[in-house]
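One structure is given here, and the rest of the page talks about it.
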Amino acid sequence: MNNVRETAATVVQKTEYAYSTTSRYLDSGKLVVTVTNALKTPTSTAIYYRTAYTTKGPFNFEFYKLGQSNSLFIVNRDNVGNTNCWWGINDKTRKYDHLLDALAEAQGISTLTSTMIPKFLFARDGKRGPNLFKEMYDLILLQQENINGIECYKISASYKTGSAIVWIGQTDFLIRKVEMHQIMKGIDFLTEYFITPYQTTNDAEFRFRPNRSIKV
């Protein structure tokens, strides 16, 4: 148990530091967006994604939409800095001069999954843009909560036109879950990011593997 008396501000500061100083980071995650209209039954869509990061060397980000075999999108940087994107929708590989430009292109169709954690990881790069916390205000540290066996700090805040809650591991200060709630034009949007950081010495996660489909 961490005996340090934290505040929302110190937890945010330690989270930003934890990501920006790591030399190797891997995660797998799921995004669920639930849309509720007063006149219709709620509908949900899901995106699955993986991140594999090293400070200067290889990087790989992949995501796909549940139920769409050709939706796989890959952003990859190899050992010598070559950056490529491949998308199953058009089955084409595109080269980029900068990794962050490739991730930014993926942001719209991946609903922030391509940039949310990388913006923390690439904090030493001036092009990274504001991270999640920079877009939140009125932060409040709530009672701690367990997420998948991990004791977490829980921070609530106002976010854009709605609200957000972030769950952060107490020992490693890595984000485990993000929940965003917004109402726009009478439609309720609940966006949930479930993130599982993990460690492995296997470098297979960094390989560029285009020209494949997802089983549905």
(Q) When the residues of the range 108-123 are narrowed to those that are in a loop (DSSP other than H, G, I, E, B), touching a Ser or Thr at 6+ places or on another chain (Cβ under 9 Å) and of a type in the set (Val, Ile, Thr), which ends up nearest to ILE175 (Cα to Cα)? (A) ILE117
Q: Being β-branched (Val, Ile, Thr) and within 30 Å of ALA38 (Cβ to Cβ) is the filter here, so list the residues in the range 161-216 that pass it.
A: THR161, ILE165, VAL166, VAL178, ILE183, ILE187, THR191
Q. Identify, please: which residue in the range 10-23 is more than 24 Å from LEU142 (Cα to Cα) and surrounded by 14 or more Cβ atoms within 10 Å (Cβ to Cβ) and is, among those, modelled with the lowest pLDDT?
A. SER20
Q. So which of ASN76, ASN82, ASN90, ASN70 is among the polar types (S, T, N, Q), touching a residue at least 60 places away in the same chain (Cβ under 8 Å), surrounded by fewer than 19 Cβ atoms within 10 Å (Cβ to Cβ) and out of contact with any Asp or Glu (no Cβ under 6 Å at 6 or more places or on another chain)?
A. ASN70
Q.
When you scan the range 154-165, do you find a residue that is outside any loop (DSSP other than H, G, I, E, B), closer than 29 Å to LYS40 by Cα and either under 16 Å from the mean Cα position of the chain (by Cα) or at pLDDT below 90 (or both), even just one?
A. yes
Q | Filtered residues of the range 32-52 (kept if touching a residue at least 40 places away in the same chain (Cβ under 8 Å), aliphatic (A, V, I, L, M) and out of contact with any helix residue (DSSP H, G or I) (no Cβ under 9 Å at 6 or more places or on another chain)) | A | VAL32, VAL33, VAL35, ALA38
Q) Of the residues in the range 28-47, how many are in a strand (DSSP E or B), surrounded by fewer than 18 Cβ atoms within 10 Å (Cβ to Cβ) and not polar (S, T, N, Q)? A) 5
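Matching residues to (1) surrounded by fewer than 16 Cβ atoms within 10 Å (Cβ to Cβ); (2) part of a loop (DSSP other than H, G, I, E, B):
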residue	(1), (2)
GLN182	yes, no
THR200	yes, yes
PHE208	no, yes
ASN211	yes, yes
Q) Which number in (1) touching a residue at least 60 places away in the same chain (Cβ under 8 Å); (2) within 26 Å of GLY108 (Cβ to Cβ); (3) not acidic (Asp, Glu) marks the one condition that LYS14 misses? A) (2)
(Q) It is to be established whether one or more residues within the range 58-80 are over 20 Å from PRO118 (Cα atoms), outside any loop (DSSP other than H, G, I, E, B) and of a type in the set (S, T, N, Q). (A) no
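The values are calculated or read from the model by the stated rules, or taken from the named source; none is laboratory data. Not measured: the values here are computed from a predicted model. Glycine also receives a Cβ, built like all others from the backbone with ideal geometry; neighbour counts cover every protein chain displayed.
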